[in-house]
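Everything below concerns the one structure shown next.
The values are calculated or read from the model by the stated rules, or taken from the named source; none is laboratory data. Note that this is a predicted model, so its numbers are computed, not measured. Here Cβ is always computed from backbone atoms with ideal geometry, including for glycine, and neighbour counts include all displayed protein chains. The accessibility values were calculated without ligands, DNA or RNA, using every heavy atom of the protein model including side chains. Shrake-Rupley method; radii C 1.70, N 1.55, O 1.52, S 1.80 Å.
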Amino acid sequence: MKFTDKDSYSLPVVLAVGLHVAVLVGGAIIAGLTQSAPEPPKRPPIVNATIIDVSDTVIGQREAEERRAADAAVKAQQEAKRKAQEEAKRQAEKAALEKQRREAEVTRQKQEQARQKAEAERKAAIEKQKAAEEKARQQRIAKEKQAAEEKARQERIAKEKRAAEEKARQEAERKRQQELERQKAAELERKRRAEEQARQEAERRKRAEEAVQKAVAEEEARRREVEAGQMVQSISGLINQRITNAWIRPPSARNGMKTLLRINFLPNGEVADVQVLKGSGNGTFDKYAVDAVYKVGRIEELADIESYIFERNFRQVDLLFNPQDLRN
């Protein structure tokens, strides 16, 4: 480093030291002069004193000048000492700062080295971590690929299994449906046969019942026919008997006379009309026979018989009036 360099402390130190030396020398000279100055002679007391302003005398002026010079020297010495102290303090502070700077520089360099080392270690760790992560990623990819392949294999197996199960289910369902259809057809056939059998049985029962009913009806018809015939005969005999009882025998009546009458009855048994279909040859006999019918007037039993019997047998009655007790 050169003596006149900007960052060199040599020149300021020399100037500071020279200034301190000059201040110290000047102070010593002023102190010597002050000590070597002769003491003023003692003056005898003056009785008649006159007040004199010392500052107005030459001596006073010289003493004041000397005091001022001394004060100035003291002040200059003090100022020089202060400046020297300040300069020394500044230099010391500067040196301390420079030391701190150097130490800070050393610390910085060490820190920089540590940082670089740490950075290198960090980069190495990062690279190592990246390598580990890459390896882990490759392993993960391999595992994922293996897992995916295994999953795909399992899914394929499961799919094939489901397909087989579905095929088996469909086959079982097809067989079940066939069995159901067979059972349904068998049930339908059974029902059809049962229904046919039931129909035939019902038809047989119906025919049997109809036969029974027909037989009963025929029997009932025969019975009723017999009863009706008996009733018709009975009522016919009753009509004949009542007409005969109501008949007045005319004097001209003779054995063998008979008259065929047609009598029209109402449902309540009343005689509606009487006609002579075939006369006896004797008008009086015929007239008396007709009169006897009108005299009877009403056969109450006709009102109690069934209408079909009345309509078939008694709505219009042909009666052969043939009294048996006539004279010859």
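Computing the accessible area with a 1.4 Å probe over protein heavy atoms, can you report the carbon and sulfur percentage for segment 260-323? Show your work: numbers first, answer last.
Details: 1540 of 3300 Å².
The computed percentage sits at 47.
Going Cα to Cα from Lys123, which lysines come in below 21 Å? Please leave out same-chain ones fewer than 8 positions away.
Hits, sequence-local ones excluded: Lys110, Lys135.
For segment 183-261, just say rounded, prolate or oblate: build the C-alpha gyration tensor, square-root its eigenvalues into a ≥ b ≥ c, call rounded for a/c under 1.5, and beyond that prolate if a/b exceeds b/c, oblate if not.
Since a/c reaches 1.5 and a/b is larger than b/c, the shape of segment 183-261 is classed as prolate.
May I ask you to give the solvent-accessible area per residue for segment 147-275, in square angstrom, as obtained with a 1.4 angstrom probe?
Solvent-accessible surface per residue comes out at 74 Å².
Taking 7 Å along the Cα-to-C-beta vector as the label spot, tell me the Lys161-Asp273 distance in nanometres, rounded to one decimal.
The two pseudo-label positions are separated by 10.9 nm.
If amide hydrogens are placed 1.01 Å from N in the peptide plane, which non-local residues have theirs closer than 5 Å to the one on Val276?
Amide H neighbours of Val276, under 5 Å, 5+ apart: Arg262.
Give the average over all directions of the projected area of the C-alpha convex hull of segment 123-195, one decimal, in nm².
In nm², the orientation-averaged hull projection of segment 123-195 is 6.2.
Work out, step by step, the length gained on full extension between Val74 and Lys184: first 0.36 nm times the residue separation, then minus their alpha carbon distance; give nm to one decimal.
Length gained between Val74 and Lys184: 25.2 nm.
If I model a spin label as a point 7 Å beyond the Cα along the Cα-Cβ vector, how far apart are those points for Lys130 and Glu203 in nm?
If labels sit at Lys130 and Glu203, their model points lie 10.2 nm apart.
Going through segment 242-328, which GluC sites (Glu not before Pro) have at most 15 other Cβ atoms within 10 Å and a DSSP loop state?
Glu306
Find the centroid of the Cα atoms in segment 116-163 and in segment 261-328, then give the distance between the two in whole Å.
Segment 116-163 and segment 261-328 have Cα centres separated by 134 Å.
Place +1 on the Cβ of every Lys and Arg and -1 on the Cβ of every Asp and Glu in segment 42-197, take the dipole about the Cα centre, and give the residue among Gln170, Ala147, Gln85 whose Cα lies farthest towards its positive end.
Result: Gln170, furthest along the dipole toward the positive end.
Pop a pseudo-label 7 angstrom from the Cα along the beta-carbon direction at both Arg298 and Arg82 and give the gap in nm to one decimal.
Modelled inter-label distance: 18.2 nm.
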